[in-house]
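Peer 1: I am attaching a structure below and will ask some questions about it afterwards.
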Amino acid sequence: MTIVLIGPPAAGKTRLGKRLAKRLGLPFVDTDAVVVAGHGAIAEIFAEHGEPYFRALERAAVAEAVARPGIVSLGGGAVLDPDTQADLAATRVVLLTVRPEAIAARITNRKRPLVTDLESWKRLVAARTPLYQSLADYTADTSTRPIETIVEEIARWVEEGRRSERGQSTQQGES
């Protein structure tokens, strides 16, 4: 089983993904970390080679990660690739959302080349939200609730899905 976490930058995909993987006893892969390990800092890749080059590296990391069972955290823009969108059809997709007032402190580390301030984050999220929502099987907001509460809710949804897969039910959760 592959569970993919999507959502805007600073929604907590990596932090939550690691804990969810531990809770479910599955391996964890952060596709941004895979790109960084193989090619250097994302901001430097953007600066030296441009966004299309980064997206190609990201696409390769995503294709490899979603081909195996586990919890996979995608970079915020990975879902823009049509091949990635097609890959996600064969997985269970969790959208992590976050309100702007909750992310101000999360975006100050300068590791996100497309998000330089709160306004750029808001524009990026507004543009991507319809796509995120169209891909999601379950949605959880990470703005203020304890991460362990969110992890437990998602884990229960995953476990219930395992039991009901034979009935082909699709669930949409809102937290």
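Since every read-out is calculated from the coordinates, none of them should be taken as a lab result. Computed from a prediction, not measured in an experiment: that's the story for all the values here. Positions of Cβ are backbone-derived with ideal geometry, glycine not excepted, and every protein chain shown enters the neighbour counts.
Peer 1: Take residue 80 and residue 56, extend 7 Å from each Cα along the Cα→Cβ direction, and tell me the distance between the two endpoints in nm.
Peer 2: Label at residue 80, label at residue 56, 1.6 nm between them.
Peer 1: By a straight-distance test (C-alpha under 18 Å), which aspartates and glutamates pair with residue 22 as possible cross-link partners, with residues fewer than eight away in the same chain excluded?
Peer 2: Those aspartates and glutamates meeting the cut-off are 30, 148, 152, 153, 159, 160.
Peer 1: Given contacts defined as C-alpha pairs under 8 Å and at least six residues apart, what's the relative contact order of the chain, whole-number percent?
Peer 2: 31 percent
Peer 1: Stretch residue 127-residue 148 to full length: gain in nm at 0.36 nm per residue minus the Cα-Cα span?
Peer 2: 4.6 nm
Peer 1: Okay, moving on. With a ≥ b ≥ c the root eigenvalues of the C-alpha gyration tensor of the range 1-145, is it rounded (a/c under 1.5), prolate (a/b larger than b/c) or oblate?
Peer 2: rounded
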